[in-house]
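Notes follow once the structure below has been shown.
The values are calculated or read from the model by the stated rules, or taken from the named source; none is laboratory data. Keep in mind the model is a prediction, meaning the values are calculated, not measured. Cβ coordinates were reconstructed from backbone atoms using ideal geometry, including for glycine residues, and neighbour counts include every protein chain displayed. Areas reflect the complete protein model, heavy atoms only, side chains present, ligands, DNA and RNA absent. Shrake-Rupley method; radii C 1.70, N 1.55, O 1.52, S 1.80 Å.
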Amino acid sequence: MTAEGKTGARHAQLVREIHAHDYRYYVLDDPAVTDRQYDALVEELKSMEEKEPSLRTQDSPSNRVSGTLRGDLRSVKHVERMMSLDNTYSEAELSEFLRRVKDGLRAGTEVTFCVEPKLDGASIEVLYRNGRLTEGSTRGDGEYGEEISENLRTIRSLPLTIAYDGPLTLRGEVVIYRRDLEKINEARVAAGDPPFANPRNAAAGSLRMMDPRVVAARPLRALMYGVVEGKKFAPCHSATLERLAELGLPTHRRQVICKTAEEIFGAIGDVEKNRAGYPYEIDGVVVKVDSFSDQDILGTTAKFPRWAIAFKYGAEQANTRLRNIVVQVGRTGALTPVALLDPVPLAGTTVSRASLHNSDIIEGLDVRIGDIVTVQKAGEIIPQVIGVDKDARTGDEKPFAMPTACPVCGTAVERREGEVALRCPNRRCPAIVKGSIIHYSRRYAMDIDQLGESLVEQLVAKNVVSDVADLYDLTVEKLVELERMGKKSAENVVAGVLASKERTLGRLLTGVGIEHVGQVAAVQLAQAAGSLAGLLAWEVDKVHELVDGIAGFGPKMAESVTAFLTDDVQRKLLERLHARDVSRPEPVQSSAESGPLSGMSFCVTGVLTQKREDVHAAIRAAGGTVHDAVKKGTTYLVAGEKVGKSKLDLAKKHGTKVIDEEQLKRLLQGETLEA
Ligand code: IVH
């Protein structure tokens, strides 16, 4: 063999070996070599390719990471719509689903079900053409996703080539193992970045990053659960999962075939029992009709297939010791007791703090310092202490009483009539000032992301800023005096603050925080006033009347706006903001009377594919009205993912129809929804 031929053969062998090790490590979770041995193989491959660049083909494992930085993510149409799954938390509803499936099929059909974990990550579509990974995308709105091929190539459990010639369109989920998330979060905290709340956020965020080199450093894993080509690929769903695994593709390998309801409930119970031992998070199980022809007969609704349902598990709980209780003061002055816990893993993160809400809860639970407590995390919400193990007490536990003075400024606390919360009445309390500034700079308000928590803390502690209007007097010279603040960062802060002057009045009113006035109401108020100058020109004794006339404003809101505008301190604040030229007039949509949504009212909730403000704007532009909450007369509740049960209950109570983003889109296009 020539020297060239020898190099080529060794290179091909290395490619094969590295792929095989990736497969064993990332797919089978069963590495055959140590990390060092693996690294040595990759090094050898790289140095060969450096000497002989023609060896560096598309499929070489060294070619997983491209150096191309992207400006944005291209939108791509999915080969077939990526539907979502109908879901339930109740066994009765699951039985109902099984009955509907039976009724939908020819009498006497013996139905086979496949029960499998519902992976809690980010959905993806991956295309293999002629055996090569050619393209991948996020779910997006189900019809169009964002093209993230380069990012997906960095996921080492996804083979770059497979032994399958036909076109293959895979569906699956990108997840992060719990143990990997812990490591990422440790590193983030050490670097001063906020930790990810859960593996799903970390996975979804990572996939949409613009720099594949950064994505490559994130320990993402793909798990595929379906194929669009259906029957051409395998005779039924469970056979699809098996064939995917045979091709070396990563699957969850936890499917269970069931024939009876009893078997299904048994399988669900088993998964729930074992889930803590899974390396990744799941949020339930998916029950699917296994046969593709039965799936075809059952068909789909506008949103979901009729042949599958997700059965979700309730909130996760854990027990741990409560070491201490500290009291935090928020931007409204409310005192919140927070439990400091022995760190405990819960729903994908390590929990060391949990809310105790208020003194009534502490008393109701009879929580004492030193107790073993049960903490619960439901959805995205901050963990809460929900129970105490009184049998585990030793007698050394110490009762806790709320302070009578603000723990930050020492002012005597007050309790407003009809409220449980204690409040610090001192508006100059550093905790209140800090909280107000952070709220003001949030994305949904004035969006000044250069104002991080530690910077605000310093600004307040050093008396540089004592309200949000002071932000506009900040200069580079003043800022560079602070700790850890270079000239460049100082310039960025000043530029960020300056840019916030261009936000609309509605965002400013959200930012200053008027009690009972949410984002939607703030925009309505801003539209009624036109501009900040207009608002300040309102005659004080007419405010109540003016505001009460805004659709959806109840007396409580009108009262709160009146109180805000007649309060000396708040008024001065608005005047000072006006003097600094902060905010622009709120645009009022002129077509509002006659659009396709005129006469309809909406409440938008849950995690959506678009920014919530954009959805609100689209509804208003089409003549619809938007409210922060579901109330009597609300026509539609637009529900994204992870919708809170309370919103759904309210919708049920008021007869409000629950629709998804897809259906909203159709309404916006002037279509009517079938009953
Ligand atoms: S099957 C037609 N199987 O759940 C529906 N989906 O609401 C096909 N998901 O974002 C979906 N684990 O990415 C299916 N084992 C599993 C799943 C799963 C997680 C996600 C999916 C989608 C959501 C559906």
Going by average Cβ neighbours within 10 Å, how do the peptides 143-151, 206-214, 360-368 rank, with the highest at the top?
143-151, 206-214, 360-368
Against the longest alpha carbon principal axis of the chain, how many degrees, from 0 to 90 and to the nearest 10, is the axis of helix 612-621 turned?
70 degrees
Determine which residues of region 524-568 fall in the zone a paramagnetic label at residue 417 would reach in this model, i.e. backbone nitrogen under 19 Å from the point 7 Å along Cα→Cβ.
555-564
Nitroxide proxy distance, nm - points 7 Å out along Cα→Cβ at residue 6 and residue 81
6.1 nm
Any idea of the accessible area per residue across the chain, 1.4 Å probe, to the nearest Å²?
49 Å²
Output the 0 to 90 degree angle, nearest 10, between the alpha-carbon long axis of helix 91-104 and the longest principal axis computed from the alpha carbons of the chain.
50 degrees
For the modelled label position 7 Å from the Cα of residue 487 along Cα-to-Cβ, which residues of region 440-478 have backbone nitrogen atoms closer than 15 Å?
476-478
How many percent of the accessible area of the chain is carbon or sulfur, using a 1.4 Å probe?
50 percent
List, in order, the whole-Hz ³J(HN,Hα) value for each residue of region 444-454 obtained from phi through the Karplus relation with A = 6.51, B = -1.76, C = 1.60 and θ = phi - 60°; use x for Gly and Pro.
6, 9, 8, 6, 10, 7, 6, 8, x, 4, 6
With label points set 7 Å from each Cα along the Cα-to-Cβ direction at residue 442 and residue 33, the distance between them in nm comes to 5.1 nm
Could you calculate the FRET efficiency of residue 632 with residue 360 from 1/(1 + (r/R0)^6), where r is the beta carbon distance between them and R0 is 25 Å, rounded to 0.05?
0.30
For the pairs 77/665; 611/657; 259/303; 259/312, note any where the Cα-Cα span goes beyond 18 Å.
611/657; 259/303; 259/312
What per residue convex hull volume, in Å³, comes out for region 1-117 when only alpha-carbon positions are used?
270 Å³
Cα-centre dipole for region 531-610 with unit charges at Cβ (Lys and Arg positive, Asp and Glu negative), debye to 20
300 debye
Can you find, among 266, 227, 238, the residue farthest towards the positive end of the dipole of region 209-281? Put +1 on the C-beta of Lys and Arg, -1 on that of Asp and Glu.
227
If Rh is defined by the Kirkwood formula over all Cα pairs and Rg also comes from Cα, what ratio Rg/Rh do you get for region 310-463?
1.01
What does the extension gain come out to for residue 646 and residue 70, with contour length at 0.36 nm per residue minus their alpha carbon separation?
203.3 nm
Paramagnetic label zone (point 7 Å from Cα along Cα-to-C-beta, residue 47; backbone N under 19 Å) in region 6-23:
6-18
Could you name the lysines in cross-link range of residue 462, using Cα to Cα under 26 Å and dropping any fewer than eight places away on the same chain?
434, 478, 487, 488, 501, 572
Simple Cβ-charge dipole of region 94-166, Lys/Arg +1 and Asp/Glu -1, about Cα centre, in debye nearest 20:
320 debye
If each part is reduced to its alpha-carbon centroid, region 532-559 and region 322-399 end up apart, in Å, by 40 Å
Rounding to the nearest 20 debye, state how big the charge dipole of region 540-675 is about its Cα centre with +1 on each Lys and Arg Cβ and -1 on each Asp and Glu Cβ.
340 debye
Rough spin-label spacing in nm, given labels placed 7 Å along Cα→Cβ, for residue 303 and residue 317
2.9 nm
At R0 = 51 Å the Cβ-Cβ FRET efficiency linking residue 186 and residue 103, nearest 0.05, sits at 0.45
Just to confirm the number: angle between the C-alpha axis of helix 645-654 and the first principal axis of the chain, 0 to 90 degrees, nearest 10?
70 degrees
Convex hull volume per residue for the chain, taking Cα atoms only, in Å³
201 Å³
The set of cysteines in the chain having no other cysteine's C-beta under 4.7 Å reads 114, 236, 258, 603
